[in-house]
1. Taking a quarter of the surface of the convex hull around the Cα atoms of region 54-183, what do you get in nm²?
2. So for each of 136-147, 117-128 I average, over its residues, the number of other beta carbons within 10 Å; can you give me the resulting order with the highest mean first?
3. In sequence order, what are the phi-derived ³J(HN,Hα) couplings for region 40-51 according to the Karplus relation 6.51 cos²θ - 1.76 cosθ + 1.60 with θ = phi - 60°, rounded to whole Hz, with x for glycine and proline?
Amino acid sequence: MKTRVKTGVKTGPRERGDRPQGGLSRPVRRGVVVRQAARWGLGAVGAGVVVIAGLDLVSLGEINPLRRTISEHGLGAQGWIFGFAVASLAGGSAAIGVALARVRLAGIFGTFALMAWSAGLLVTAWFPKHDWSVGPSLSGSIHRAGSLVAFLGLPLAALVIARPWRHTEGRGHARFAFGFGLLSVLWVLGIGATVLVGTRAGLSWWQVMPLGLVERGLAATEVAAVVALGVWGARHRPAPAGGGAGEANNLTAPHV
């Protein structure tokens, strides 16, 4: 007669939520989704930048990049291409913001400021600037307001999101984002100071500086900050459930 011998310890039912389907813990699986969203955002941002740069190149004979703003591409037959490029940049930035918020790298205020940048870009894409050959328009005024919201929202977002993480081990991308955000603030302050000096001298604000060059410099700096935030989100790996060595690189910053 054979006797069954029990070996080991009987394993009870697996705890709910311990390891979902697919063999990955919930934080790890969420991290994969978030990183993918950040990568999609970076792709959309890159596509928008490439299209706008292409418009600059093909219209060098018609639009002086030193004096004319980027939004000049929104006027005329190719306006829809410019609108699509700016909308792509806005959508990509929003995806990056959501990714950072999902892994708690961005708090409420930082996420709101980044979404304000995206919303401002969408407004500039939908409403063309003033066509001064015709005169000022409601669309141009809305466009200007959207541009102001975008150009002010992004530096605030980069500074607020990245500041708590600057000196944390392994947060080099946060330092890059903070640096580009600070540089964007200096751009804005410099523009404001130049306009103020020109106004006191009796000059119009578009006469006191090479407006197209200055705007492109500010835009390039702010897009660089968005890219730094996106790369940070794409490479961030949340700590696995239960903690462990991974927690050292996934500390939760203040939600600001």
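1. Details: hull surface 35.5 nm².
Over every viewing direction, the Cα hull of region 54-183 projects on average to 8.9 nm².
2. Values: 136-147: 16.2, 117-128: 22.2.
Taking the mean over residues of other Cβ atoms within 10 Å, the ranking is 117-128, 136-147.
3. After applying 6.51 cos²θ - 1.76 cosθ + 1.60, I find 4, x, 4, x, 5, 4, x, 4, x, 5, 4, 5 Hz.
We did not get these values from a lab; they are worked out from the coordinates using the rules stated. Just so we're clear, the structure is a prediction, and the values are computed from it rather than from any experiment. Virtual Cβ from ideal backbone geometry, glycine too; neighbours counted across all protein chains shown.
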